[in-house]
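Engineer: Take a look at this one; I'll ask things after.
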Amino acid sequence: MPTTTAPTPALTPAGLDHRHGAPAATSLRDVAGHGPSAPLAIENPSVRRWVEDCIALCQPDQVYVCDGTIVEREALYTKGVAEGVFVKLNQQKWPGCYYHRSNSNDVARTEHLTFICTPSKDTAGPTNNWMKDKEAYAKLKGLYHGCMKGRTMYVVPFVMGPIGSPLAKVGVELTDSVYVAVNMQLMTRMGAIAWKELGDSEEWTRCLHSNGDVNPDRRYVCHFPLDNTIWSFGSGYGGNALLGKKCLALRIASYLGRQQDWMAEHMLLMNVQAPNGERTYVAAAFPSACGKTNFAMLIPPEQYQIAGWKITTLGDDIVWMWVDEAGKLRAINPEAGYFGVVPGTNSKSNPNALASMKRDTIFTNVALVPLADGTYDVWWEDHDEPAPAKAIDWQGNEWTPASSTKAAHPNSRFTAPMANNPVLDPAADDPNGVPVGAIIFGGRRSKSVPLVFQAFNWMHGVYLGATLGSETTAAATGQVGVVRRDPMAMLPFIGYNIRDYLVHWFRMRKKMADCPRIFHVNWFRKNAQGKYMWPGFGENMRVLEWIVNRAKGRAYAKETLLGWMPRMKDINLEGLTISSDDFHELETVNADEFKAEILSQEELFLKLAGDLPKEMVFQRELLISRL
Ligand code: GTP
Ligand code: SPV
Ligand code: MN
């Protein structure tokens, strides 16, 4: 386990500047790849053997081993443009930026086609789709057989986690998608650096991906946690295809973390710096499309800026945490880029996200806007600029402001290197990570759930996380807007039995000398008119200030049946036009509504049936007795 050191002070972490300085090791000719029988430039014997096996199975025409250089990236874009995978955007307005439109049947994660594959169903548990590992291998081998004929296989070595971190993990993804190869270069520490990190080790994640024929009837995202292996077929989209992200850094990593006493969580990681220079690192778990990227890049209201408050970002989607020798919980962000929701992003809602996507970014499934000079611009709903007179929508159809459909898909995304973020935290690339001062859980709840409250203690906090409810979003296919239980915002990402996952959370407390305080937030409560009652975004700073002060043992809170809650005067509302009636409505806990809430938690309890950790039963009893 790493030792505790101060964060490194460099603002642009070494190796993360994707624009300059990378050695030009690749020529344009090389990116065309080599015939499959040519000797592979891979030194690690276990990787070489596995790649050879996959070549024999998938039968690509060409094999290309990625080195991660900027020259290579340009060559991959050039190839992608020639193949119609990418459209180069107007380079004056969007330097280094490209556009991609995925198949319209392939625009979000497909949770019903995502499997945990193990010998026994109990390892996967009641919340995952399960396939027997042998059956899954046999079924997918049939699909992979010859699937890369006429295509190039890209060999993508990558590291999840800052180089040199004891938690850093190497993966190798084989893919027939040039889009995936370039995305992996933006999202991970990709290329030669991964071979160096790996050395001769046989401990690395085997990631095999093919777009196949992008047919939802032949689409599988299969995880083999016992074999450190991921096989994904038939989808080119985000979490289904960029296998370092949800598949490795959450599903496989959560399984490894349970065995090795660390945690992989669907969380953002940020630093809150107070006017006196005091730093508090905050990790927050919100389900997909519920505000992690926005919160991680929060711009404090002007009065906070003047007073000297600063927010800096370490990560926006995934956090790995462990307990150091001093008994403190520490965290790193395993990723090196952002794969963020685009619609709704503008200079008011999230200027830092907007700045992050100004250059060297891939836009997926937004609207494409042809310009008079033959070049292209992009547009999306709630853009700063008004809608263009004419655009091509995410399905490839002509779109005008009069169209009744959306120009950009609600789950359209940008891929940007995190080095682009103007408020990137200096410790974002520190292998020793940062100490976690507070953990926040939050969902999208239009009713019942108050703005903020604090758990009584760790055990209660784990219960709050475990029973987290949220209305579903466009980030996964299926119905949008229905409340589902999403424990720790990890329902789609726990790589093993949820019973063991919850026990792991409870037990982690015993390793810590002192533990982070745990909070629950809801930015999405609506009034009777259906309007959000809380302004959200930058104004969330006001709630964050209270959280930080509580975590440091400074702010007041009253005891309620849900937990510790601020009174109106405990939150700085100066400059906000929120009446005391509105604030009380926002923080109201209605006992009858909470009875219904407890009943709806049964959905989760029933799934866990006889396997419910006893801490969960007791916390539930305590809550009921407080009602
Ligand atoms: P994933 O990348 O899917 O994991 O999503 P995420 O959790 O990073 O969510 P993101 O920050 O991209 O926000 C998703 C949507 O929530 C966007 O449409 C935002 O405009 C909206 N949103 C984010 N923060 C707030 C907030 O404080 N209040 C309101 N009302 N909406 C918000
Ligand atoms: C999410 O859905 O939580 C995402 C996007 O962060 S994806 O990488 O597609 O899973
Ligand atoms: Mn996410």
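Engineer: Between a residue in the stretch 247-272 that is on the phi > 0 side of the Ramachandran plot and any residue that is open to solvent by 10 Å² or more (accessible area, probe 1.4 Å) and modelled with pLDDT of 95 or more, which pairs come within a Cβ distance under 8 Å, given they are 6 or more apart or on different chains?
Structural biologist: Pairs that qualify, where the first residue is on the phi > 0 side of the Ramachandran plot and the partner is open to solvent by 10 Å² or more (accessible area, probe 1.4 Å) and modelled with pLDDT of 95 or more, are ASP261/VAL323; ASP261/LYS511.
Engineer: Being more than 18 Å from SER254 (Cα to Cα) and crowded, with 24+ Cβ neighbours inside 10 Å is the requirement here; does VAL221 meet it?
Structural biologist: So VAL221 does not fit the description; no.
Engineer: Identify all residues within the stretch 538-580 that are within 11 Å of ligand 1 (Cβ to nearest atom) and either modelled with pLDDT under 95 or of a type in the set (Gly, Ala, Ser) (or both); write none if there are none.
Structural biologist: If the condition is that a residue be within 11 Å of ligand 1 (Cβ to nearest atom) and either modelled with pLDDT under 95 or of a type in the set (Gly, Ala, Ser) (or both), then GLY538 is the only one that fits.
Engineer: Quick one: would you say THR473 is touching a residue at least 60 places away in the same chain (Cβ under 8 Å), surrounded by fewer than 24 Cβ atoms within 10 Å (Cβ to Cβ) and within 15 Å of ligand 1 (Cβ to nearest atom)?
Structural biologist: yes
Engineer: If LEU562 meets every condition in (1) assigned to a loop (DSSP other than H, G, I, E, B); (2) touching a strand residue (DSSP E or B) at 6+ places or on another chain (Cβ under 9 Å); (3) open to solvent by 80 Å² or more (accessible area, probe 1.4 Å) apart from one, which number is that one?
Structural biologist: For LEU562, the exception is condition (3).
Engineer: Something else about it: Tell me, please, whether a residue that is within 16 Å of ligand 2 (Cβ to nearest atom) and of a type in the set (S, T, N, Q) can be found in the stretch 226-234.
Structural biologist: So far as the stretch 226-234 goes, yes, one or more of its residues are within 16 Å of ligand 2 (Cβ to nearest atom) and of a type in the set (S, T, N, Q).
Engineer: Ok, one more. If the requirement is being in a strand (DSSP E or B), open to solvent by less than 40 Å² (accessible area, probe 1.4 Å) and away from ligand 1 (no atom under 14 Å from the Cβ), which of these qualifies: ILE230, ILE252?
Structural biologist: Answer to the check: ILE230.
Engineer: Here is a follow-up. If I filter the stretch 210-221 for residues that are within 25 Å of GLU52 (Cβ to Cβ), part of a helix (DSSP H, G or I), touching a helix residue (DSSP H, G or I) at 6+ places or on another chain (Cβ under 9 Å) and within 16 Å of ligand 2 (Cβ to nearest atom), do I get at least one hit?
Structural biologist: Checking the stretch 210-221: not a single residue is within 25 Å of GLU52 (Cβ to Cβ), part of a helix (DSSP H, G or I), touching a helix residue (DSSP H, G or I) at 6+ places or on another chain (Cβ under 9 Å) and within 16 Å of ligand 2 (Cβ to nearest atom).
Engineer: Give me the pairs, please: first residue somewhere in the stretch 515-540 and closer than 30 Å to GLY327 by Cα and open to solvent by 60 Å² or more (accessible area, probe 1.4 Å), second residue anywhere and within 16 Å of ligand 3 (Cβ to nearest atom) and not in a helix (DSSP H, G or I), beta-carbon distance under 7 Å, and either six or more positions apart or on two chains.
Structural biologist: Final answer for the pair search is none.
Engineer: Among the helices (runs of 4 or more DSSP H) lying completely within the stretch 124-198, list those that include at least 2 residues that are open to solvent by 10 Å² or more (accessible area, probe 1.4 Å).
Structural biologist: 133-144, 192-198
Engineer: If we scan the stretch 403-413, do we find a residue that is in contact with a Ser or Thr (Cβ under 7 Å, 6 or more places away or on another chain), within 30 Å of ARG73 (Cβ to Cβ), crowded, with 23+ Cβ neighbours inside 10 Å and of a type in the set (A, V, I, L, M)?
Structural biologist: no
Engineer: Another question, if that's okay. Please list, ordered by first then second residue, the pairs with beta carbon atoms under 8 Å, 6 or more apart or interchain, first in the stretch 103-115 and under 21 Å from THR229 (Cβ atoms) and of a type in the set (Ser, Thr, Tyr), second part of a loop (DSSP other than H, G, I, E, B) and open to solvent by 30 Å² or more (accessible area, probe 1.4 Å).
Structural biologist: Short answer, once both residue conditions are applied: THR110/THR477.
Engineer: Find the residue count for the stretch 94-123, including only residues that are among the charged types (D, E, K, R) and either within 20 Å of the chain's Cα centre (by Cα) or in a loop (DSSP other than H, G, I, E, B) (or both).
Structural biologist: Number of matching residues: 4.
Engineer: Considering the stretch 414-441 alone, what residues qualify as being within 16 Å of ligand 3 (Cβ to nearest atom) and touching a Leu at 6+ places or on another chain (Cβ under 8 Å)?
Structural biologist: Those that are within 16 Å of ligand 3 (Cβ to nearest atom) and touching a Leu at 6+ places or on another chain (Cβ under 8 Å): THR415, ALA416, MET418, PHE441.
Engineer: Please state which one of MET459, MET508, MET488 is within 16 Å of ligand 2 (Cβ to nearest atom), assigned to a helix (DSSP H, G or I) and farther than 28 Å from ALA528 by Cα.
Structural biologist: Matching residue, one of MET459, MET508, MET488: MET488.
Engineer: Further question: Identify, please: which residue in the stretch 283-328 is hydrophobic (A, V, I, L, M, F, W, C), in a strand (DSSP E or B) and within 16 Å of ligand 3 (Cβ to nearest atom) and is, among those, surrounded by the most Cβ atoms within 10 Å (Cβ to Cβ)?
Structural biologist: TRP320
Engineer: A further question follows. Evaluate the following for GLU597: is it part of a helix (DSSP H, G or I) and open to solvent by less than 40 Å² (accessible area, probe 1.4 Å)?
Structural biologist: yes
Engineer: Also, I was wondering about something else. In the stretch 407-433, which residues are among the β-branched types (Val, Ile, Thr) and in a strand (DSSP E or B)?
Structural biologist: The one that is among the β-branched types (Val, Ile, Thr) and in a strand (DSSP E or B): THR415.
The values are calculated or read from the model by the stated rules, or taken from the named source; none is laboratory data. Treat the numbers as computed from the prediction; the structure is a model and nothing was measured. Heads up, the Cβs are rebuilt from the backbone with ideal geometry, glycines too, and the neighbour counts pull from every protein chain shown. Just so you know, the surface numbers come from the protein's heavy atoms only, side chains and all, with ligands and any DNA or RNA stripped out. Shrake-Rupley method; radii C 1.70, N 1.55, O 1.52, S 1.80 Å.
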